[in-house]
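Engineer: Structure in structure tokens, see below.
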Amino acid sequence: MTAVTGAPETARVSARQRLPRLRGGPVRIVAPVVVFAIVMIAWFIAGHYLLPEQSRFLLPPPETVLSKGLLDSAARTEIVSALWSTVQIALVGLGIAIVVGIAFAVVMSQARWAEYSLYPYAVILQTIPILAVVPLFGFWFGYEFGSRVIVCVMVSLFPVITNTLFGLKSVAAAEHDLFTLHGANRWQRLVKLQLPAALPAMISGFKISGGMAVIGSIVADFFFRQGQPGIGRMIDVYRQRLATEQLLTALLLSSLVGLILFWLFDFLAGRVDRAHGRDRGA
């Protein structure tokens, strides 16, 4: 009799647990769309009515940006070509930062002396003013693809190191004791326990570093004037020409690249959470 009365109660509890997830799905789509619509309306009003007519070139309305920046074939070809160069550099730099960052974090997680020796320099790397050292990279390594990749690695490395190290060190002591009980060596403990447990934290670091790699590539474009032009150089050119429509288009597309990288890693984080049996919530 107890089992019969408990079954409906269990079903009601399960339904209540599923309800936030069912509600959260549409909200995650509708809420950004509503905010985007509000921003577009505010932009339209400012571009048409709030600014004086002689100053409207400073903030052209959305439809003007769309027509002159994206729908115009010459401007679109120029911007997309430069953006592709920037994306290539950002992806290569991000990939190198991920590999190097994970390697450094693994080394630091295996010995306290390694963490004490290397981690302060990772912090210093994060605090160096990037605008001050970019010209030096040009002097040392030239102004082509390689120097731009170095800038991206420098900008995006720290989040990978810190998040990976946090994940590797966050394994519960009881799980370490279980591996010790079964006689696992250091390599088995790292591959089968620490790295799988650190994966969610690692992906969180990748999400941050993805956007920073795009920023690093754009910053390098501002300084390195040789080779194929990237979106950073085109932004500077449009600034000099007062071509606000093309400038805004370049800025929005650059932001879209960083957003896409964030979404990809966020999707990967969701798959990892489901594989670990965790619920990310509404």
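The values are calculated or read from the model by the stated rules, or taken from the named source; none is laboratory data. None of these values were measured; they are calculated from a predicted model. Reconstructed Cβ throughout: ideal geometry from the backbone, glycine too, with neighbour counts over all protein chains shown. Just the protein is used for accessible areas: all its heavy atoms, side chains included, with ligands, DNA and RNA removed. Shrake-Rupley method; radii C 1.70, N 1.55, O 1.52, S 1.80 Å.
Engineer: Could you run the Debye sum over the Cα atoms of the stretch 128-262, one equal point scatterer each and no solvent, and tell me log10 of I(q)/I(0) at q = 0.19 Å⁻¹, two decimals?
Structural biologist: Rounded to two decimals, the profile gives -1.03.
Engineer: With every protein chain present, what is the per residue accessible area of the chain (1.4 Å probe, Å²)?
Structural biologist: Numbers: 16400 Å² over 282 residues.
With all protein chains present, the chain gives 58 Å² per residue.
Engineer: Determine ³J(HN,Hα), in whole Hz, for all residues of the stretch 62-71 in sequence, where each value follows from phi through the Karplus function 6.51 cos²θ - 1.76 cosθ + 1.60 and θ = phi - 60°; x replaces Gly and Pro.
Structural biologist: Rounded to whole hertz, the list is x, 5, 6, 4, 5, 6, 8, x, 10, 7.
Engineer: If you build a Gaussian network model of the chain, linking Cα atoms that sit under 10 Å apart, which residue out of Ile45, Ile260, Ile102 swings the most?
Structural biologist: Ile45
Engineer: On the protein heavy atoms, probe 1.4 angstrom, tell me the percent of accessible surface of the chain carried by carbon and sulfur.
Structural biologist: Values: 11560 of 16400 Å².
Exposed carbon and sulfur together represent 70 percent of the surface.
Engineer: Also, quick follow-up: If you take the square roots of the eigenvalues of the alpha-carbon gyration tensor of the chain and sort them as a ≥ b ≥ c, do you get rounded (a/c under 1.5), prolate (a/b over b/c) or oblate? Write out the running numbers ahead of the final one.
Structural biologist: Numbers: a/c = 3.27, a/b = 1.32, b/c = 2.48.
In terms of gyration-tensor shape, oblate.
Engineer: Highest mean first, how do 241-248, 203-210, 80-87, 37-44 rank when packing is the count of other Cβ atoms within 10 Å averaged over residues? Show your work: numbers first, answer last.
Structural biologist: Numbers: 241-248: 17.9, 203-210: 23.1, 80-87: 19.8, 37-44: 11.9.
Packing proxy ranking, top to bottom: 203-210, 80-87, 241-248, 37-44.
Engineer: How large is the Rg to Rh ratio of the stretch 61-187 when both quantities use alpha carbon positions and Rh follows Kirkwood?
Structural biologist: Details: Rg = 21.3 Å, Rh = 18.0 Å.
In the stretch 61-187, Rg relative to Rh is 1.19.
Engineer: Between Leu181 and Val99, what is the label-to-label distance in nm when each label sits 7 Å out along the Cα-to-Cβ direction?
Structural biologist: A separation of 4.0 nm, rounded to one decimal place.
Engineer: Taking 0.36 nm per residue of sequence separation and subtracting the Cα-Cα distance, how much length would be gained by fully extending the chain between Ala42 and Gln54, in nm to one decimal?
Structural biologist: On the way: separation 12, 0.36 × 12 = 4.32 nm, distance 1.93 nm.
Contour length minus Cα-Cα distance gives 2.4 nm.
Engineer: Can I get the semi-axes of the stretch 50-93's equivalent ellipsoid? Compute them from the C-alpha gyration tensor as square roots of 5 times the eigenvalues, in angstrom, largest first. Show your work: numbers first, answer last.
Structural biologist: Details: eigenvalues 170, 35, 10 Å².
Computed over the stretch 50-93, the values are 29, 13, 7 Å.
Engineer: Residue-wise, which Karplus ³J(HN,Hα) couplings in Hz belong to the stretch 79-87, taking 6.51 cos²θ - 1.76 cosθ + 1.60, θ = phi - 60°, and x for glycine or proline?
Structural biologist: 5, 5, 4, 5, 5, 5, 4, 5, 5
Engineer: Per-residue HN-Hα couplings for the stretch 236-241, Karplus 6.51 cos²θ - 1.76 cosθ + 1.60 at θ = phi - 60°, whole Hz, x for Gly and Pro?
Structural biologist: Each residue's phi maps through the Karplus curve to give 5, 5, 5, 4, 5, 7 Hz.
Engineer: Okay, moving on. Could you pull the accessible area for Val27 with a 1.4 Å probe, rounded to 10 Å²?
Structural biologist: 90
Engineer: Then there is this: Hey, what did the chain get for relative contact order, percent, Cα under 8 Å, at least 6 apart? Please list the in-between numbers first.
Structural biologist: Values: 305 pairs, mean separation 71.9, N = 282.
Value for the chain: 25 percent.
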